[in-house]
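In what follows, a structure is listed as structure tokens, so that the remarks can point back to it.
What follows draws every value from the coordinates through simple rules; no lab data is involved. Keep in mind the model is a prediction, meaning the values are calculated, not measured. A quick note on method: Cβ atoms are made from the backbone with ideal geometry, for glycine too, and the neighbour counts reach across all protein chains shown.
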């Protein structure tokens, strides 16, 4: 879904039916995402100003428009994972840092299911950070819960290596536009710079685990 990362996971857009917001789970998820977005807006602006970057300069280094940066900082835009990755990389930050996680000095962490942080994706795909940073971190891990007819955006490509594990359902992948289908228990291991995208074409929810090493 590191400063180069949430890289591991990827420019998600909305497809299929709207989320039913009447359930307790949906309300909780929406509130969590809103809180993450508000925090991201402030951290993005602080990080940019600390590095003495103008909106235009950061946008140029991230390969996005100044208006995009401005809207995210104002809390008016939920960035896709593609854009999130680009901005984190331009700021020379790990994605976990931009999300507000303090690496500290921990060498062991336990993350309870109810406490896993969700990334603001701007889509129905829910991405949880399941491996908060340790001291001198070397990898990141994310669990993506992908509803039917949802997909990643443009083909992704970033540094390091990534391992995808299909935990539930089936997931269609395109790697260099070669089509493969991952079934439960199947894995896909690739250099993260190789363009890739995925889609849940089935009629049931799918789950995808992504373990990413930016080194």
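Compared with the direct C-alpha span, the chain from residue 168 to residue 136 gains 8.4 nm at full extension, assuming 0.36 nm per residue. Each label point was placed 7 Å from the Cα along the Cα-to-Cβ direction; for residue 187 and residue 57 their separation is 4.3 nm. Mean 1/r over all different Cα pairs, inverted: what Kirkwood radius does the stretch 118-215 give, in Å? This gives a value of 13.7 Å.
Work out, step by step, the length gained on full extension between residue 46 and residue 204: first 0.36 nm times the residue separation, then minus their alpha carbon distance; give nm to one decimal. Show your work: numbers first, answer last.
Working: separation 158, 0.36 × 158 = 56.88 nm, distance 4.06 nm.
Length difference between fully extended and current span is 52.8 nm.
When each of the peptides 131-141, 177-187 is scored by the mean number of other C-beta atoms lying within 10 Å of its residues, the order from highest to lowest reads 131-141, 177-187.
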